[in-house]
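Structure, as structure tokens:
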């Protein structure tokens, strides 16, 4: 069961969701394909609402929502960019669901009465982490498809991708999408938010440097990566 703390954090994250509908121009409406996509998206939305109504306990409903939107991306692969966006979102929610399950098990392991019990909990937590990573990777793939095919991108979507890459420990990619977010959202960010973005950037750069300085990497590769990740002067 997900801890109450995790539920509250997750609901705050869910509140950022903004999903555009496919317009008539996106689809060959009123063809059977358009009706099929519309139906799949409505069914997916209903399943996702069931997940929310269950206080995030009905994982099967969330997985059904993801499956329905995966089918929609297949039907509308060349006509519905928003299907990829919506599918990416459901994949992201699945990743965070397993993230919170992992964190809760890690906390339980710290309170375990024996080493055997702790190791069992940590082993289960690792399984959840593996699933989290897989869902984040798949989510980023569909976000990239959407970014290539849409002229309108909410900056929040860039930030989601950056956060996924942060958990995946792909810090160069996280920094790139954090830059995209900042560039797109700069005029809307408050000063505290700008400082938070800069704090996250420094954190990612620090982790990048630590990885670059790994003695197992060749000198030439380290020099090239150090130049690539060198902090930029910002006004």
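Can you compute the label reach from residue 173? Point 7 Å from Cα along the Cβ direction, backbone N cut-off under 16 Å, restricted to the stretch 138-153.
Answer for the stretch 138-153: 138-148.
Let's test the formula: R0 of 25 Å, r as the Cβ-Cβ distance of residue 137 and residue 74. What FRET efficiency results, to the nearest 0.05?
After rounding, the FRET efficiency stands at 0.85.
Using label points projected 7 Å from each Cα along Cα→Cβ, tell me how many nm separate residue 191 and residue 153, to one decimal.
Distance between the two pseudo-spin positions: 3.0 nm.
Taking the beta-carbon count within 10 Å as an exposure proxy, list 100, 89, 167 from fewest neighbours to most.
The fewest-first ordering by Cβ neighbours comes to 167, 100, 89.
Ranked by Cβ crowding within 10 angstrom, fewest neighbours first, how are 190, 31, 73 ordered?
190, 31, 73
Which order results if 110, 43 are arranged by neighbouring Cβ count within 10 Å, fewest first?
Exposure proxy ranking, most exposed first: 110, 43.
All of the numbers you see were taken from the coordinates with simple rules; none came from a lab. In this text, all values refer to a predicted model and were calculated from it rather than measured experimentally. We place every Cβ from the backbone using ideal geometry, glycine too, and count neighbours over all the protein chains shown.
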